[in-house]
Amino acid sequence: MATSTSIPVSLPMPRIPRTRRSPQEIAAASPDVGERKVLLAAPRGYCAGVDRAVVAVEKALEHYGPPVYVRKQIVHNLHVVSELEARGAIFVEETDEVPEGALVVFSAHGVSPAVVQSAEDRGLQTIDATCPLVTKVHREAVRFAKNDYEILLIGHEGHEEVEGTYGEAPEATTIVNNPEEADTVVVKNPDRLIWLSQTTLSVDETMETVRRLRDRFPNLQDPPSDDICYATTNRQVAIKTIAPQSDLVIVVGSSNSSNSVRLVEVSLDYGAKAAYRVDFAHEVDESWFEGVSTVGVTSGASVPDVLVQEVLALLAEYGFADVEEITLAEEDIVFSLPKEIRGKLKESGDDSRALGGRRSPANSN
């Protein structure tokens with residue numbers, strides 16, 4: 001008699017909602033904290049480059065139809081990626097996972113010339129959603145390499161943005177990950193040396209790296225303009241103001257978002273008693289509120305404001321309903337959508353939106 005062979009099937013464990021301690025329990029554990037309030041950083045959330053990239057995928061789905069392939073995460077945010085997947089975007093690691101002739105979007109972090117060539121070799125239609133501020137760094141790398149400069153690229157090795165910039169001039173570029181590496185990096189000609197940087201780094205740590213490099217190489221040249229983007233700088237300036245007044249800082253952002261992770265580090269460096277990063281409100285641990293009177297809240301540059309509002313709603317449940325927005329800068333930068341998308345919009349008579357940016361918290365959905 002034939003016997004059947006069963007094949008074990010692995011099913012993911014469902015997420016069981018954690019039982020929260022009640023607001024009353026937390027209040028009883030913190031009888032002497034006084035008035036509770038939230039300091040809400042502004043600016044926060046989406047920058048123009050992120051907005052541009054997300055809109056580019058949305059418009060591609062509308063006008064080309066799904067599936068639209070995206071190399072890497074279009075921006076480093078789990079919620080954004082999940083929302084786009086639900087609409088028909090397919091995220092892949094490399095272009096060789098994309099069917100020949102299909103449409104692929106390059107993420108906001110940029111790609112190296114080798115990736116562009118790989119897409120061409122497979123006959124892919126491409127939309128380049130690289131942030132224009134990242135493109136600027138790419139162009140600097142190409143220009144200085146052609147002029148026989150050695151480039152010290154300050155950034156995190158393995159990050160998509162660093163991989164893309166490095167790929168523009170690999171023979172002329174050395175990656176410097178942190179200030180400690182500045183003390184040991186070896187260069188060929190210290191008299192023809194320039195530094196460039198990833199756009200989403202800690203401003204303070206980058207300047208410390210540059211200081212150490214210049215101590216060793218006095219003729220080190222600066223980039224023509226700041227490489228760290230305006231949004232990264234503005235969000236760090238805001239949290240530097242809020243952190244000293246905060247018992248707790250909550251940063252909304254994903255773990256692979258460099259600028260979000262940096263906001264936690266900056267919060268602690270500038271006086272916050274505690275700081276945590278979360279993707280979603282349900283990840284906030286109510287025990288963090290014990291003994292806390294002031295909570296600082298901000299979000300990384302790839303975070304839609306709806307996620308911040310959900311954190312604020314949770315905070316209100318635990319007595320932190322008084323929200324004061326601390327505005328340190330106004331952002332009104334806009335970028336044109338990728339040329340491929342602009343052409344498609346014009347062709348179809350869609351004049352609804354050709355820009356990325358100015359998506360304020362009030363209308364960020």
### Message
So, in segment 168-184, how many residues would count as being assigned to a strand (DSSP E or B) and in contact (Cβ under 8 Å) with a residue 24 or more places away in the chain?
### Response
3
### Residue list for segment 41-68, filter: touching a strand residue (DSSP E or B) at 6+ places or on another chain (Cβ under 9 Å), surrounded by fewer than 22 Cβ atoms within 10 Å (Cβ to Cβ) and either on the phi > 0 side of the Ramachandran plot or part of a strand (DSSP E or B) (or both)
42
### Query
For the subset of segment 197-227 comprising residues that are within 26 Å of the chain's Cα centre (by Cα) and among the acidic types (Asp, Glu), which member is most open to solvent (accessible area, probe 1.4 Å)?
226
### Query
Pick from segment 125-155 the residues that are part of a loop (DSSP other than H, G, I, E, B) and either of a type in the set (Val, Ile, Thr) or under 17 Å from the mean Cα position of the chain (by Cα) (or both): which of them is surrounded by the most Cβ atoms within 10 Å (Cβ to Cβ)?
129
### Query
Which fully enclosed strands (runs of 3 or more DSSP E) of segment 257-334 have 1 or more residues being open to solvent by 30 Å² or more (accessible area, probe 1.4 Å), over 18 Å from residue 237 (Cα atoms) and touching a Lys or Arg at 6+ places or on another chain (Cβ under 8 Å)?
323-327
### Query
For segment 241-254, does any single residue satisfy the condition of being within 18 Å of residue 165 (Cβ to Cβ) and either at pLDDT 95 or above or open to solvent by 10 Å² or more (accessible area, probe 1.4 Å) (or both)?
no
## Note on the structure
Exception for residue 171 within (1) closer than 23 Å to residue 57 by Cβ; (2) surrounded by fewer than 21 Cβ atoms within 10 Å (Cβ to Cβ) falls at (1)
### Query
So residue 120 fits all but one of (1) in contact with a helix residue (DSSP H, G or I) (Cβ under 9 Å, 6 or more places away or on another chain); (2) part of a helix (DSSP H, G or I); (3) surrounded by fewer than 22 Cβ atoms within 10 Å (Cβ to Cβ); what number is the exception?
(1)
### Message
Please go through segment 103-115 and give me each residue that is surrounded by 17 or more Cβ atoms within 10 Å (Cβ to Cβ) and either farther than 11 Å from residue 71 by Cα or without any contact (Cβ under 8 Å) to a residue 12 or more places away in the chain (or both), ordered by number.
### Response
112
### Task
Take segment 119-129 and flag every residue that is touching an Asp or Glu at 6+ places or on another chain (Cβ under 9 Å) and either of a type in the set (S, T, N, Q) or within 25 Å of residue 334 (Cα to Cα) (or both).
125, 126, 127, 128
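The values are calculated or read from the model by the stated rules, or taken from the named source; none is laboratory data. Owing to the predicted nature of the structure, the values given are computational and were not obtained by experimental measurement. Neighbour counts run over all protein chains shown; Cβ positions are idealised from the backbone, glycine included. These accessible areas exclude ligands, DNA and RNA; they are computed on the full protein's heavy atoms, side chains included. Shrake-Rupley method; radii C 1.70, N 1.55, O 1.52, S 1.80 Å.
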